[in-house]
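A.B. asks: Structure provided below as structure tokens; questions to follow.
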Amino acid sequence: MEQSYTSPSGMSPLPPGPPPKNWLVESILVTIFCCLPFGIVAIINAANVNSRLALGDYNGALEASQKAGKWVKYSLIGWAVFAVLYVVFVVVMGVGAGMLGALNNQ
């Protein structure tokens, strides 16, 4: 005789297999090292993954996991763009300062 599991909230049973990734560690790291606003959104969504799984809402947990992953990636991309723009700015300012120095020596 097969037993079926129903969650306390009455939602559909959890599918077999591993639960969706919660992205919590990555969210905390990008919040500390990369981009605070995007990281906070990622942490909120990452925390929702485990909460929804505990309620038996697998689809909600999967959606929260996808959102958390998306915000972690946005944070990393934003940091990379900022780093590249910073390097370009420093190089341009260095070249400009070198040109000004050369003009002042003439």
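A.B. asks: What FRET efficiency comes out for residue 80 versus residue 59 if R0 is 30 angstrom and r is the Cβ-Cβ distance? Round to the nearest 0.05.
C.D. replies: Numbers: r = 32 Å, r/R0 = 1.06.
Plugging the Cβ-Cβ distance into 1/(1 + (r/R0)^6) gives 0.40.
A.B. asks: Still on this structure, I have one more. Based solely on C-alpha atoms, express the radius of gyration and the Dmax of segment 17-83 in angstrom.
C.D. replies: So, for segment 17-83, Rg and Dmax equal 12.0, 41 Å respectively.
A.B. asks: At 0.36 nm per residue, and after removing the present C-alpha to C-alpha distance, how many nm does the segment from residue 40 to residue 87 gain when stretched out fully?
C.D. replies: Difference between extended and current length: 14.3 nm.
Taken together, the values in this text are just the output of simple stated rules run on the coordinates, not laboratory data. These numbers come from a predicted model, not from an experiment. Neighbour counts run over all protein chains shown; Cβ positions are idealised from the backbone, glycine included.
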